[in-house]
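Below is one structure, written out as structure tokens, with a few remarks after it.
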Amino acid sequence: MNDSRKGYGRVLVVDDDPDIRTVLAIGLSDAGYACEEASNGPDAIEMVKRNGYDVVFMDLLMPGLSGGETISMIKDISPKTAVVVISIVSDEESMRELFESGALVYIRKPFNMEEVVETANSLTRSKVPSP
């Protein structure tokens, strides 16, 4: 990957499936992002409170809080954090809930890692320091 496509920023990956978390975390780390993981909404909220992130990639279907509740709480804590939902859920009601809650982007599972990295790049591009 050339330097112009190299990622910059802190991301949090939230999914109850450890395999999906690992794939996303490795792919985003390889693209240059400082990446951390959480397995559910409540843990993600605590991590956002403590650490702050540029982007949160999260599933909608997890134990604990609903995806919409988790997104709303993340946005309340850190309004500038971009939330990207990566989920198999795509019904109209769920889509409305996630965007009303503050999600910016939806990526359908199964996802393409290149699309995930490009999404992270576009959401963090304005935060890249000048050379």
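What pairs come up if the first residue lies in the stretch 111-129 and is at pLDDT below 95, the second is of a type in the set (Val, Ile, Thr) and not in a helix (DSSP H, G or I), and their beta carbons are under 7 Å apart, counting only those six or more places apart or on different chains?
Filtered contacts from the stretch 111-129: Thr124/Val55.
Among the listed residues Gly52, Gly67, which satisfies the condition of being of a type outside the set (S, T, N, Q), closer than 20 Å to Arg21 by Cβ and crowded, with 20+ Cβ neighbours inside 10 Å?
From the options Gly52, Gly67, the qualifying one is Gly67.
For the stretch 24-71, which positions are small (Gly, Ala, Ser), on the phi < 0 side of the Ramachandran plot and in contact (Cβ under 8 Å) with a residue 40 or more places away in the chain? Full working, then the answer.
Filtering the stretch 24-71 for residues small (Gly, Ala, Ser) gives 25, 27, 29, 31-32, 34, 38-39, 41, 44, 52, 64, 66-68.
Keeping just the survivors that are on the phi < 0 side of the Ramachandran plot gives 25, 27, 29, 31, 34, 38-39, 41, 44, 66-68.
Those that are small (Gly, Ala, Ser), on the phi < 0 side of the Ramachandran plot and in contact (Cβ under 8 Å) with a residue 40 or more places away in the chain: Gly27, Ala31.
Among what's in the stretch 1-45 and is among the polar types (S, T, N, Q) and either farther than 18 Å from Lys109 by Cα or more than 13 Å from the chain's Cα centre (by Cα) (or both), pick the residue that is modelled with the lowest pLDDT.
Only one residue tops the list, namely Asn2.
Going by what's in this entry, would Ile74 be described as among the β-branched types (Val, Ile, Thr), in contact with a strand residue (DSSP E or B) (Cβ under 7 Å, 6 or more places away or on another chain), at negative phi and buried (at least 16 other Cβ atoms within 10 Å of the Cβ)?
Details: among the β-branched types (Val, Ile, Thr): yes; in contact with a strand residue (DSSP E or B) (Cβ under 7 Å, 6 or more places away or on another chain): yes; at negative phi: yes; buried (at least 16 other Cβ atoms within 10 Å of the Cβ): yes.
Judged against the criteria, Ile74 is a match.
Looking at the stretch 75-125 only, could you name the residues that are touching a Gly at 6+ places or on another chain (Cβ under 6 Å), hydroxyl-bearing (Ser, Thr, Tyr) and within 16 Å of Asp59 (Cβ to Cβ)?
Ser101
Test each condition in (1) surrounded by fewer than 15 Cβ atoms within 10 Å (Cβ to Cβ); (2) not in a loop (DSSP other than H, G, I, E, B) for Pro110 and report the one that comes out false.
Pro110 satisfies every listed condition except (2).
The values are calculated or read from the model by the stated rules, or taken from the named source; none is laboratory data. In this text, all values refer to a predicted model and were calculated from it rather than measured experimentally. For neighbour counting, all protein chains shown are included, and Cβ atoms are generated from backbone atoms with ideal geometry for every residue, glycine included.
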